[in-house]
Amino acid sequence: MKVDAHYDLLIVGGGITGAAVLHAASARGLRALLVDRGDFASGTSSWSSKLIHGGLRYLQSGQWRMTLESVRERERLLVERPGLVEPQAFLMPIFAGGRPGPAALSAAFWIADRMAGRRTSRRIGAAEAVAIEPLLAPDKLRAAIAYRDGVVDDARLVLRLVFDAVARGAHALNHVEATLVEEGGRVTGARLDDRIDGGEPRHVRATVTVHAAGVWAGAAPGAPLLRPLRGSHLVFAHSALPLHCALAWLHPRDRRPVFAHPWEGAVVVGTTDIDHPVADAPAMISAAEAAYLVEALQALFPRIAIDASMALSTYAGLRAIVVAPGEENRPPSAMGRDSALWVRPGLVGITGGKLTTHQATALEVLREVAKQGLRIASPQPPSSPTPATTRLQGRLGAEGAAWVAARPAPEQQPLLGTPYTLAELRWSMQAERVRRLGDLLMRRTRLGLVAPGGAIESLPMLEAPCREGLGWSAARWADEAARYREDWALRHAPPAENRRS
Ligand SMILES: Cc1cc2nc3c(=O)[nH]c(=O)nc-3n(C[C@H](O)[C@H](O)[C@H](O)COP(=O)(O)OP(=O)(O)OC[C@H]3O[C@@H](n4cnc5c(N)ncnc54)[C@H](O)[C@@H]3O)c2cc1C
């Protein structure tokens, strides 16, 4: 493990929040190290609903500031991260007798558009809605709101922030666990343990430590009480759920918002909101959650036959919900979604940050860091002044996209009917700190979610390039392949009849 003895900033947690803090800190002249005990983005930040969204639901609960921040950050990301954060056309169907009615919905979208500073929504009639999305059943459909949100590859967003920061001189290590060290009532750094190679732990000192450990933040001094809530998703092949646009609607059972949207050539359906026993228990969809999501699909698309066993894959993420006194027993969906920030000498803790608002969260964290005595310079301009335009530039950065484009044509063919190619895998293996097979198949690419059977049957085909690219022995490959198969079967396989509920 190559680390220096001292940093201005040590960041514990390489999800969207830690990555955004690293990115912002490195642009402002701070010497920063980020560590994650798993892969970058392996916590909640690769298991989100993948929407860069306007946070319309916060209006309903009177959280105007959250909607304002969300719509502004969404618009900014669409401009700053083309090829990675992309516009997504949505329809919100309005049914006869449904609540909220068309007037209330139109008003909410009007407010959000005013906040965004541009028109992104319009009310349309039932006939136009069915022309846009022929899977909608016309009976009972009264009208719809057509609007535009954003969609993202969440893991890639984290990776871009990390690797852009590394290109500016920041340090980032995955599969390295941090244990905070306190001296005389002040956090002075951490002990670092490599979870793959083992070896002697390293100690690093830091002027300030940022603890951005998501739902696992409870380990930090001064952390608030957290309640882990699970949100699960089904991923279908586009052929099984051939949507023309994204849909957002209310679940017929409990009127919670649910959605289905095209993503990486497949369709993501989500999400649930239920208590998860403890943050450290593996997060995966239960049979009851899968049935709940299928019930929502069947209500909206009564003419297509779909069930959970037809899914390509499943995934679940954990929300870090801050529990205020007296809120312990509130229903999950009634809990507030605010982030929490706390400070202790030498420490700034943060949990609950969103993908959509990561830049705003990072700047809030840096303001607290500055109060602890670190001088923060004005931000440097971004390393690549021309914004990326293509999918590959947005996801891999300009250098990665150019490297991939120069590979032989056969390596640029789509793998297993997905958007990914062997050339992209090779780039990740040489430049993006792949340390486990799951890093490559679940986060550098999303083959594990959108290829049939998690690409497990194709592992023999991937053995030679992976062993060559990562320098793995036959035994190491066998171990990695077994570990990947086991994790996929536990956390990502379509629900079987006998799955626990
Ligand atoms: C189901 C669901 C759907 C969501 N959908 C959306 C959406 O569509 N749009 C949106 O904007 N937001 C969405 N969110 C919110 C957003 O995804 C999360 O709030 C965000 O990803 C949390 O990021 P984080 O960096 O705080 O935590 P995480 O991503 O969980 O990162 C924390 C990291 O800390 C690491 N860590 C923990 N302890 C240690 C240690 N001791 N040493 C080193 N590393 C450690 C973990 O390994 C982990 O990688 C969703 C959330 C959920 C749960």
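The values are calculated or read from the model by the stated rules, or taken from the named source; none is laboratory data. Small disclaimer: the values here were computed from a predicted structure and weren't measured. Using ideal geometry, Cβ is built from the backbone for each residue, glycine included, and neighbour counts are taken over all protein chains shown.
For residues that are within 10 Å of the chain's Cα centre (by Cα) and either of a type outside the set (Lys, Arg) or modelled with pLDDT under 95 (or both), tally how many sit in the stretch 132-159.
Residues in the stretch 132-159 being within 10 Å of the chain's Cα centre (by Cα) and either of a type outside the set (Lys, Arg) or modelled with pLDDT under 95 (or both): 6 in total.
Going residue by residue through the stretch 66-85, is there one that turns out to be part of a loop (DSSP other than H, G, I, E, B), modelled with pLDDT of 95 or more, within 9 Å of the ligand (Cβ to nearest atom) and not acidic (Asp, Glu)?
There is no residue in the stretch 66-85 that is part of a loop (DSSP other than H, G, I, E, B), modelled with pLDDT of 95 or more, within 9 Å of the ligand (Cβ to nearest atom) and not acidic (Asp, Glu).
State all residues of the stretch 353-378 that are more than 20 Å from residue 156 (Cβ to Cβ) and of a type in the set (Lys, Arg); if no residue qualifies, say none.
Across the stretch 353-378, the qualifying residues are 367, 371, 375.
Condition check ((1) without any contact (Cβ under 8 Å) to a residue 60 or more places away in the chain; (2) touching a strand residue (DSSP E or B) at 6+ places or on another chain (Cβ under 8 Å); (3) among the aliphatic types (A, V, I, L, M); (4) assigned to a loop (DSSP other than H, G, I, E, B)) across all residues:
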position: 259; (1), (2), (3), (4): no, yes, no, no
position: 272; (1), (2), (3), (4): yes, yes, no, yes
position: 293; (1), (2), (3), (4): no, yes, yes, no
position: 328; (1), (2), (3), (4): no, yes, no, yes
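Among the residues of the stretch 33-65, how many are closer than 22 Å to residue 269 by Cα, in contact with a helix residue (DSSP H, G or I) (Cβ under 8 Å, 6 or more places away or on another chain) and modelled with pLDDT under 95?
Residues flagged as closer than 22 Å to residue 269 by Cα, in contact with a helix residue (DSSP H, G or I) (Cβ under 8 Å, 6 or more places away or on another chain) and modelled with pLDDT under 95 within the stretch 33-65 amount to 5.
This table checks each residue for (1) more than 29 Å from residue 345 (Cα to Cα); (2) buried (at least 24 other Cβ atoms within 10 Å of the Cβ).
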{"site": "4", "(1), (2)": "no, no"}
{"site": "39", "(1), (2)": "no, yes"}
{"site": "48", "(1), (2)": "yes, yes"}
{"site": "102", "(1), (2)": "yes, no"}
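For the stretch 6-33, give me the residue count where each residue is buried (at least 24 other Cβ atoms within 10 Å of the Cβ), more than 14 Å from the ligand (Cβ to nearest atom) and part of a strand (DSSP E or B).
So the count comes out to 2.
A quick yes/no check of all residues on (1) within 9 Å of the ligand (Cβ to nearest atom); (2) on the phi < 0 side of the Ramachandran plot:
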position: 194; (1), (2): no, yes
position: 197; (1), (2): no, yes
position: 204; (1), (2): no, yes
position: 223; (1), (2): no, yes
position: 232; (1), (2): yes, yes
position: 243; (1), (2): no, yes
position: 257; (1), (2): no, yes
position: 265; (1), (2): no, no
position: 269; (1), (2): no, yes
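Is it fair to say residue 107 is surrounded by fewer than 14 Cβ atoms within 10 Å (Cβ to Cβ), at pLDDT 95 or above, over 23 Å from the mean Cα position of the chain (by Cα) and more than 16 Å from the ligand (Cβ to nearest atom)?
Here the answer is no, as residue 107 does not meet what is asked.
Would you check if residue 141 is in the same structural domain as residue 315 (by TED's automatic domain parsing) and in contact with a His (Cβ under 8 Å, 6 or more places away or on another chain)?
No.
Could you list, in sequence order, the residues of the stretch 34-52 that are in a loop (DSSP other than H, G, I, E, B) and within 6 Å of the ligand (Cβ to nearest atom)?
Answer for the stretch 34-52, where residues must be in a loop (DSSP other than H, G, I, E, B) and within 6 Å of the ligand (Cβ to nearest atom): 37, 38, 42, 43, 44, 45, 48, 49, 50.
Looking only at the stretch 189-214, how many residues end up being farther than 28 Å from residue 437 by Cβ and surrounded by fewer than 20 Cβ atoms within 10 Å (Cβ to Cβ)?
Looking only at that region, the number is 3.
State the number of residues belonging to the stretch 343-355 that are more than 14 Å from the ligand (Cβ to nearest atom) and outside any loop (DSSP other than H, G, I, E, B).
Residues flagged as more than 14 Å from the ligand (Cβ to nearest atom) and outside any loop (DSSP other than H, G, I, E, B) within the stretch 343-355 amount to 2.
So residue 344 ticks every box in (1) surrounded by 17 or more Cβ atoms within 10 Å (Cβ to Cβ); (2) under 22 Å from the mean Cα position of the chain (by Cα) but one. Which box is left unticked?
Against the list (1) surrounded by 17 or more Cβ atoms within 10 Å (Cβ to Cβ); (2) under 22 Å from the mean Cα position of the chain (by Cα), residue 344 comes up short only on (2).
Please go through the stretch 274-308 and give me each residue that is surrounded by 13 or more Cβ atoms within 10 Å (Cβ to Cβ), more than 22 Å from residue 488 (Cα to Cα) and of a type in the set (Asp, Glu), ordered by number.
Within the stretch 274-308, just 295 meets the criteria.
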